[in-house]
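The values are calculated or read from the model by the stated rules, or taken from the named source; none is laboratory data. These numbers come from a predicted model, not from an experiment. Cβ placement follows ideal geometry from the backbone for every residue including glycine, while neighbour counts extend to all protein chains displayed. Each accessible area value is taken on the protein alone, full model and side chains, heavy atoms only, with ligands, DNA and RNA left out. Shrake-Rupley method; radii C 1.70, N 1.55, O 1.52, S 1.80 Å.
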Amino acid sequence: MDNYKDAYLQQLAPYVRVHFNEYESHEVSQVLWAQFVHYSIYGKVWDNGIIKNRLTSVRYIIERIADPEIEIPVREVTSEDKHSILSPFNSESDLFPNGILDDKWFSKYINGLPFAIIISFKLSSELEQLSERISQFKRQCQTQHITFIALIISDNDAVNDEEAINQLRILTGLPRLTGLLYLNISNPNTIKRDCEVLVQSLLTNLKPIGHEFYTNIEYKIKQRNKKYYTIPSTSHLSMKVQLQPKFLATRNLIKQCIINQFINYYNLDITLKLLEQAYQNLIEILSDVQIKLEITTENLSQYDGKLYNQVRTLIDVLALHIVRICFSIEDPIQALRRHEIHVLNVNTIIEKENHCKWTSIQYEWLGQLMKLIPSSILNSLTTNSIRKKSRLNRNILGYFGGIRFDDDDYEIITNPGLVFITAYTYLQDFISIPTKLNYLTNYNNESELSNHKLDLLNNACRLIAKDLNSNFISSQEDSYELYTSLINWLLGEEYLKIKHYRNATENYLACLSKNTRKWPHISKLIMMKLLLCYSYLEDQRLQLCTILKLSSYNFSVPSTSKISQLKFDSDAEYDVSELPNLFKVDVFMANENFSPETSVYDAVLIQFILKSTIKHQSIYKLLPESTEVDLCIKSVEVKVDKLDGKRAKGIKSILINNNNPSNKDKDVMDQSLSIVDLKDISNGNGSELITETNLNYSEGIDNVVQILQTANHSGVYEIQSIILNYTITLTHNQQVIHLDKIEKFIIADSIKSSFPTHHLTYYTVKGPIQMRSHLMGSATSIKVNALKPNLSISLQDASLLNCVILGEKLTIPFKLNFQHPIQKKIIYDKFQLSTNISVLDKSNQKVDEFNIQSNWNDLKDDEVLDLSNLVDTGQEYHKLNVNIFKPPNTNYKSDEGFNICIDIKAIIIENEDEHEHGSPPLDLQPSLIYDVGNYNLPIIVNPFSCRYIISPRLRMDSNDMPSPFLLNSETPTPASMPIATRTWLGKVSFIDNFKLFEHEQPQNLQVVDVEFHIKSSNGDLIVDIINEPIINHNHKDKDKDKEELKYQQLFTIRSKNGYSHRDVQTLTSVIIKWKRLDQESINIYKSEEWKIVLPLSDPRVLLTIVPDKSDSQKCILRYVLENPTPRIFTFTTQLSNEDNQNQWDFSYDDNIVPLRQTPFPVLPFTRHIMEFVSKFTSPDSMIKLPSFKVFDVQYKILLPTLSVDDNITVSKQGLFWNKQLSV
């Protein structure tokens, strides 16, 4: 922006002057001024306070005047006959006779005529003299319509100053907030705070005053359209363009635009419209003037030249104001469009003139303006934001760094760095043409032009680098890199022109670093430039390095010995290891026999190929004629590392020295193969083997080296790097230069980042063999497996174990055998046996809900078994204890099909000859795991299949039915109703499922104990267990042909508090303690819980049979009718023998109860016993009993007859008596 006066570019706001007077050199002036600067935009082209819709503080153009003689600005007095010196009607004005407006009018309001003046005074005891001085300044300011503010500063006590300040306000008539202000500086600790509060309050209160000041000026400007002006005669002056009314209208319109910015500096929407109108008028004036004038001719008058310069300058200035306002309303795209339209407008009019420099200046000030604008406003110009807008508007095409508008057929540049590059591009086409334009002066020399170009390029480079470091352009990083590379190239070219060779080389190198491997021809061109710079700098080493770089490209290099200008003055030796690698290395590692698996003591093959990228034909063209070039490989080191970071003892690194560096003759063939067999060699330092072979290199012949060595230790080994040490010797006129170079090829990284991922050719003495089918994995690493221990495991007696019962504690005896390999005796640091036990379902899917416990011998759960002694003994016996728990609250069917999988593995850590310092403990070292055995056994979910029934029982000799009518001698007056007790018999029968399983030999489970758990679901009832469970003899189920075990338990149920309950729900489960016959551990099986409802208060009929001991065909049928309620029931009974074909004979005198009874009562809590003596004639063992019907007269129901004997069974046909069980 140096091409324009500062007044044109200043961001506008009300103008304020500050005079510190006698405090100019005092410390308080610095503190006060620091606060004023916070609100000042003096000398600024952009300040964020201009941004619309933002909460910003007030802004002013605040100027500090240090002159001790304070002068109040005086307005120029004008009249109808005398015009202002800034008017084109004044013959003494620079605008006379046809001018429009120049920078002097801008300066008048920017730094000439303030709306307010602030002057500081020291508070003294002479108040009248002080008030007179203040009043004098006040009167001077009032005559010029300037607001005067007196700042009274005192270092006295503030309480004592209060009266004096009030008196001063009365004497001067100045208001408190915007007339006379007081600042006390007696306390140094509060000066900064007090200054901050004072300045903020003052400037805030001055805002309406400034608005009124500039509004009055604007009003006067608008009124000038209604005045008549006297114009001096211009007939004696030589000019082609006369003063026109349009000039005057445009002049007033520009004034309104500028003054309006003083008024509404924080909201410029109205100003923007006025500026666009004024700009359009100036474009029309320029078009008219351009037609009348020939700018490049020598006969252009001084008045026409001034006018032309004014119009061109005002167009540029208004364009800058328009663009700045568009940015302030946060519409950057509109701002750039207005700028581009401005450039197109002017270039369309002045197309015959040399406009390259002018166009460059326009893009230069745009770039400088964009540098000042916050990134939050420019974020909408990023490529991603533009592409989103392109999807919504098809007329907008967004690309990196710009936007094209198809409807208007032009494009804008959105990146500030690219704006500077555009400015530089127009300067490239600049041709000096004589002109009378003041701001288009020619450059004095080529150096001055280059310096300007360098300034533009450096600005572009800094802005693009700034964007590259920001987060919002990471997706466009490649595009930014391209432009950065281009700028570096252009900077190098400009520095080369002005012979700044070191700066040129820095930029060429930066450009080259971004072009490596992308554009080889461009890289070649850059290195040619570098070679030229190094020759001017006479840097022999860098010349040689550049020559080596150029010689390694796969394209022919023209004869450039004149460019290099390499001098062989004396012998020299340089280390050029920092150069890029001049060799290519292709390497692979595999089993010697290309077996897919490699174990300890197998031979491992490493083969690598060295290919030089130096083209001798090219290097000869870059060097002086008759220069000899020789390349000698001194050594090659192959670094092999173990991936666990430990020393590579199994496969060692190899250092290969050249055993014949002087003999450089080789057979001419496509490749030279050297085979190094190190299988039986153990020399070397630590983990490195040292050997030698012929490594001589000849042009066009690839060096192929093959190494064989034995893998002595297991692990995963990888070729990490290959280090190549060689020397290039240049001889010219008996002067020798040695170039020593060490190249390190990081094989591991290159394999991971390149394709193909492994070597494809294996070279033999007979020729190359394609290895694609032989190498399946990474070609630079190999896994060496440890020798699998020769360990076998077997069950001691497999016939006894063919299934596992859920919940049992099972002990499995194993026999282990171990044998050493043939090569040597193996020593392990760790040799252990572990088990992994899981439960599988029918589909062999793992079931995680089971809880599995296992341990070897007496070890803890899941603790591994130490087999260190087995290596010496060769055979051991161990026991594995397994217990599988069923999940709580779950029941499984017998046919679930679960299987237990016992997976036994050996865990080993090979013996290290010596442990490295700082190596991890043995427990933290990686182990090798091998499968030893796997056993899959079916699971018997339940060892027993149980059934449970409850039968009624009768105890005649107990007090189960206490009668309320029979008083006990101990309790003559019972306190409550009797509590009836009912007796029941629980019977459980179960089948041994283990015995039913298919065994090689018959096996069964031994029941150790059975325990009944019977309880009531109602807490008001008591369940009492009577005696121990009774076992019945085993018998076979007739329906299922399975042998059953039967246990029965007698129990009673009664009310706890005498409350009557009609029935009760009992919860019964059985716990069976059992074991296998060949095991000592006792297991527990808990049956499911059976829920059975039993009646408590209903009357019932119980039957028992008493055989006659003297007559086997005679017995007593005893029927007991129970009434356990407090009510009286009425029954009738009938004993019928008709269904049995009169097999029963009841004709005995002992029968008191008739076979058919009339209604009779049964008292509460009583048992009514009815006995019938009878004789049966059936010879069968199962005899059907006569039908006994008991009818409840009141409830009209029949009571069923229940048996209380095991020899009486109930079926659908009736009751049957098993006579044999009664014997």
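Remarks
- Length added when fully stretched, residue 291-residue 574, from 0.36 nm per residue minus Cα-Cα: 95.0 nm
- Packing around the peptides 1080-1092, 586-598, taken as the average count of other Cβ atoms within 10 Å per residue, puts them in this order, highest first: 586-598, 1080-1092.
- Overall form of the stretch 1128-1182 per C-alpha gyration tensor (a/c, 1.5; a/b vs b/c): prolate
- Rel. contact order, % - alpha carbon contacts under 8 angstrom, at least six apart, the stretch 521-642: 29
- Per-residue extension of 0.36 nm, minus the Cα-Cα distance of residue 716 and residue 447, leaves a gain of 90.4 nm for this segment.
- Model label sites at residue 951 and residue 1059, defined 7 Å from Cα along the beta-carbon direction, differ in position by 3.4 nm.
- Across 1056/1196; 842/1086; 1091/1114; 52/453, pairs whose alpha-carbon gap is larger than 30 Å: 1056/1196; 1091/1114; 52/453
- Residue-count net charge about residue 140 - beta-carbon cut-off 12 Å; Lys, Arg +1, Asp, Glu -1: +3
- On full extension, the segment bounded by residue 127 and residue 142 gains 3.2 nm, given 0.36 nm per residue less the C-alpha separation.
- Most positive-pole-ward Cα, 1136, 1146, 1115, against dipole of the stretch 1112-1203 from beta carbon charges: 1136
- Its relative contact order, with pairs defined as Cα atoms under 8 Å and 6+ residues apart, puts the stretch 1110-1161 at 46 percent.
- Charge context of residue 585, other residues only, Cβ under 9 angstrom, K/R +1, D/E -1: 0
- Hydrodynamic radius by Kirkwood, which averages 1/r over all alpha carbon pairs of the stretch 1-68, in angstrom: 13.5
- Reachable aspartates and glutamates, given that their alpha-carbon falls under 17 Å from the alpha-carbon of residue 649 and they are not under 8 places away in the same chain: 602, 637, 641, 680, 688, 718, 829, 910, 912, 913, 914, 916
- Label-point gap, in nm, between residue 616 and residue 207 - each point 7 angstrom along Cα→Cβ: 8.5
- Average Cα contact separation per residue, the chain, under 8 Å, 6 or more apart, as relative contact order %: 5
- Largest to smallest principal axis extent of the C-alpha atoms in the chain, angstrom: 178, 107, 67
- Under 5 Å, built H, 5+ apart or other chain: amide partners of residue 402: 414
- Listed residue (1194, 600, 801) projecting farthest to the positive dipole end of the chain, Cβ model: 1194
- Carbon and sulfur %, accessible surface of the stretch 4-139 computed with the full protein complex present, 1.4 Å: 46
- Efficiency of FRET between residue 890 and residue 723 - r from beta-carbon atoms, R0 56 angstrom, step 0.05: 0.25
- Prolate/oblate/rounded label for the stretch 1075-1122 (Cα gyration tensor, a/c 1.5): oblate
- Under a model in which nothing but the beta-carbon of Lys, Arg (+1) and Asp, Glu (-1) is charged, the chain shows a dipole of about 3380 debye around its Cα centre.
- Measuring against 18 Å, Cα to Cα, the residue pairs 524/549; 529/549; 108/138; 499/621; 499/529 contain 108/138; 499/621 as the ones spanning a longer distance.
- Rough spin-label spacing in nm, given labels placed 7 Å along Cα→Cβ, for residue 794 and residue 815: 0.5
- Among the listed pairs 5/192; 5/273; 222/306; 830/1075; 611/639, those beyond 28 Å (Cα-Cα): 5/192; 830/1075
- Value of [θ]222 nm, deg cm²/dmol, for the chain, DSSP H segments ≥ 4, -39500 (n - 2.57) each, nearest 500: -9000 deg cm²/dmol
- Pairwise centroid distance, computed over Cα atoms, of the stretch 981-1012 with the stretch 582-618, Å: 73
- Of the residues 221, 703, 31, the one whose Cα sits farthest towards the positive end of the charge dipole of the chain is 221 (charges of +1 on Lys and Arg Cβ, -1 on Asp and Glu Cβ, taken about the Cα centre).
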